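Working notes for the structure below.
Bear in mind that the values in this text are calculations on the coordinates, not laboratory data. This one's a predicted model, so the numbers in the text were calculated from it and none came from an experiment. Heads up, the Cβs are rebuilt from the backbone with ideal geometry, glycines too, and the neighbour counts pull from every protein chain shown.
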Amino acid sequence: MLFKKEKQDKIKRTLSKFERPFRQIPRVVAITAMLVGLGITEGFANDGERDGLSTVFHIYSDGEYVGVISDEEKLEQLKEQELQKAASEFEDLPLTIGTDLSVIPERVFTAGVDDDIVLEKLQDMLSVETEAIGIKIGGELAFHVADMTAYDEVIRKLKLQSVTEQQLNEFEARTGSTETIPALQVDETRIVNIIMSNEIQAEVSKTSPTEVKNVEDAVVLMNKGTLEDKKYIVKSGDVLGTIAAAHQMTTAKLLELNPGFTVDTVLQLEDQLNVTVTEPYVVLEVHYETRQKEVIKHKEVTKEDSSIFKGEKKVTQEGKDGEKDLTKLIRERNGVIVGRSVTDEKVLVEPMDKITVVGTKVMPSRGTGTFKWPTTGGYISSQMGQRWGRTHQGIDIARPSDRTITAADNGVVTAAGSQGSYGNRIVITHNNGYETLYAHLASIDVKVGQTVPQGTKIGVMGSTGRSTGLHLHFEVTKNGSNVNPLDVLKK
């Protein structure tokens with residue numbers, strides 16, 4: 001009996017050492033090690049029961065000692081209560097207790113426990129977690145969704161912001177099929193690729209149920225990188241520039257975030273400004289291929305011909321547009337086109353250039369068709385048209401830099417001398433349907449039949465004939481009809 005009591009005292013002293021905190025000892029390993037170390041056998045335990053020993057349970061959390069309770073079932077009931085409480089808020093999530101607890105039983109003669117205190121302490125320590133799908137973006141965990149169904153829906157909604165449901169269904173059907181994709185038809189456009197700016201991965205992990213996002217919030221996070229816009233309340237002395245600088249942004253960016261404000265807005269106390277600079281987790285780029293027939297515009301080509309008089313031209317070949325079959329790759333980022341490239345081109349009909357031949361042959365007696373200003377400067381003192389009850393057939397030019405009158409174009413003098421109201425006048429025939437008349441001259445320096453190149457001096461400005469002052473009366477006729485000199489003159 002003495003030996004048996006000494007052995008029981010030794011076991012009790014050894015067990016009491018386990019009241020000190022464990023250091024990350026797994027539950028099964030700890031219990032096994034303790035039983036082996038003490039030499040406790042089933043037979044011995046049975047002996048203990050016969051000798052009035054009772055069982056208590058030491059609780060450890062992550063290796064740290066919490067306390068001792070009399071019944072392990074009370075701990076299980078507490079866990080169940082916490083799970084039920086969380087289930088009322090997160091009924092669609094599979095919940096478990098996330099706190100790492102170890103329970104070490106001990107056989108003692110006197111059960112010194114205080115269940116209420118320990119269980120209250122445990123209640124504050126217990127955390128609830130759920131198994132969810134962690135979404136990693138660029139290798140970094142961004143947030144969680146409930147399951148793979150929610151993950152797939154988030155990715156699909158993200159894509160549907162840039163493409164239609166029909167386009168997405170057709171794209172997924174093509175990419176998911178093993179059959180050869182048919183050739184693109186004319187006037188057909190289809191998606192060839194949808195690219196995320198960052199790699200997105202889904203992995204099963206444990207997290208607090210409060211961290212699990214619904215599909216709608218997850219899509220917002222993908223687009224903005226945040227769910228909440230930070231607001232700044234305007235205080236005395238604030239201006240847009242100082243508010244922007246305080247939040248590490250430009251004034252232009254601040255105004256972009258607050259469409260109702262401009263640089264001229266006078267801030268009022270208690271005004272609220274959005275100061276959240278959003279950065280999307282993912283930018284979507286969609287690649288389309290499109291096939292169309294396009295017109296190849298014909299060119300207009302001008303060729304010179306020295307055998308044709310200058311001023312004459314003729315079309316030797318009428319132009320005709322061509323046609324080509326084009327396949328293009330179009331890149332859109334968030335619905336905005338950011339690039340185009342031609343991936344295939346086939347000319348169906350070659351275009352034909354329009355060819356116009358223009359003459360370059362110049363003869364002093366033949367006009368070029370381009371008329372030079374017949375004076376040295378000056379201004380138009382009277383336009384062509386009705387004047388003083390009669391038609392003024394030309395224009396009057398007055399106040400030149402000097403009084404020299406020159407031939408407006410190449411030609412032959414067909415009249416030179418005085419004629420009624422014109423006074424001294426000269427008529428030049430340009431042998432291309434045009435004639436010019438120069439009137440009211442003070443003197444004439446050419447004779448009838450004389451060939452005069454463009455710019456040759458033909459006389460001096462005067463005020464002869466019916467004239468109210470020093471000026472040149474200048475007329476142009478084409479095929480016998482007066483035309484407005486201003487329509488053909490090059491000043």
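Can you tally the net charge around residue 332? Count Lys and Arg as +1, Asp and Glu as -1, for every other residue whose Cβ sits under 11 Å from the Cβ of residue 332. Walk me through the numbers on the way to the answer.
On the way: positive: 331, 333, 340; negative: 285.
Result for the local shell: +2.
Which residue, chosen from 424, 453, 241, occupies the Cα position most advanced towards the positive end of the dipole of the chain, where the dipole is computed from +1 (Lys, Arg) and -1 (Asp, Glu) charges on Cβ about the Cα centre?
Checking the options against the dipole of the chain, the answer is 424.
Efficiency by 1/(1 + (r/R0)^6): what FRET value for residue 156 and residue 114, r their Cβ-Cβ distance, R0 = 41 Å, to the nearest 0.05? Don't skip to the end; give the middle numbers.
On the way: r = 55 Å, r/R0 = 1.34.
Computed FRET efficiency for residue 156 and residue 114: 0.15.
Sort the following peptides by mean Cβ neighbour count (other Cβ atoms within 10 Å, averaged over residues), highest first: 61-74, 298-311.
On the way: 61-74: 15.9, 298-311: 13.8.
Ranked from most to least packed, the peptides come out as 61-74, 298-311.
Just report the Cα centroid separation between region 94-136 and region 60-75, whole Å.
Centre-to-centre distance over Cα atoms comes out at 7 Å.
State the Cα centre-to-centre distance between region 261-325 and region 429-491 in whole Å.
49
Evaluate the charge dipole of the chain about its Cα centre and quote only its size in Debye, nearest 20, assuming +1 on the Cβ of each Lys and Arg and -1 on the Cβ of each Asp and Glu. Mind showing how you got there, number by number?
Numbers: 59 positive and 73 negative charges, 1076 e Å.
Dipole size: approximately 5160 debye.
Relative contact order of region 156-279: what whole-number percent is it, with Cα pairs under 8 angstrom and at least 6 residues apart?
On the way: 78 pairs, mean separation 29.7, N = 124.
Computed value for region 156-279: 24 percent relative contact order.
Mind putting a number on the dipole of region 371-490 about its Cα centre? Charges go on the C-beta only, +1 for Lys and Arg and -1 for Asp and Glu, and I need it in Debye to the nearest 20.
Working: 11 positive and 7 negative charges, 33 e Å.
About 160 debye.
With +1 assigned to the C-beta of every Lys and Arg and -1 to the C-beta of every Asp and Glu, and no other charges, what is the dipole magnitude of region 231-274 about the Cα centre in debye, to the nearest 20? Mind dumping the intermediate values first?
On the way: 3 positive and 5 negative charges, 29 e Å.
Dipole about the Cα centre, nearest 20: 140 debye.
Just name one of 306, 281, 338: the one whose Cα is farthest towards the positive end of the charge dipole of region 266-342 (beta-carbon charges, Lys/Arg +1, Asp/Glu -1).
306
Hey, how many Å between the Cα centroid of region 212-260 and the Cα centroid of region 144-161?
Cα centroid of region 212-260 versus Cα centroid of region 144-161: 26 Å apart.
How much mean residue ellipticity at 222 nm does the chain get from its helices, if each DSSP H run of length 4 or more adds -39500 (n - 2.57) and you divide by all residues, to the nearest 500 deg cm²/dmol?
On the way: 10 runs with 111 residues, N = 491.
Calculated at 222 nm, the ellipticity per residue is -7000 deg cm²/dmol.
Whole-Hz ³J(HN,Hα) for each residue in region 436-450, computed from phi via Karplus 6.51 cos²θ - 1.76 cosθ + 1.60 with θ = phi - 60°, x for glycine and proline: what do you get?
Along region 436-450, the couplings run 10, 10, 10, 10, 6, 6, 6, 8, 10, 10, 10, 10, 4, x, 7 Hz.
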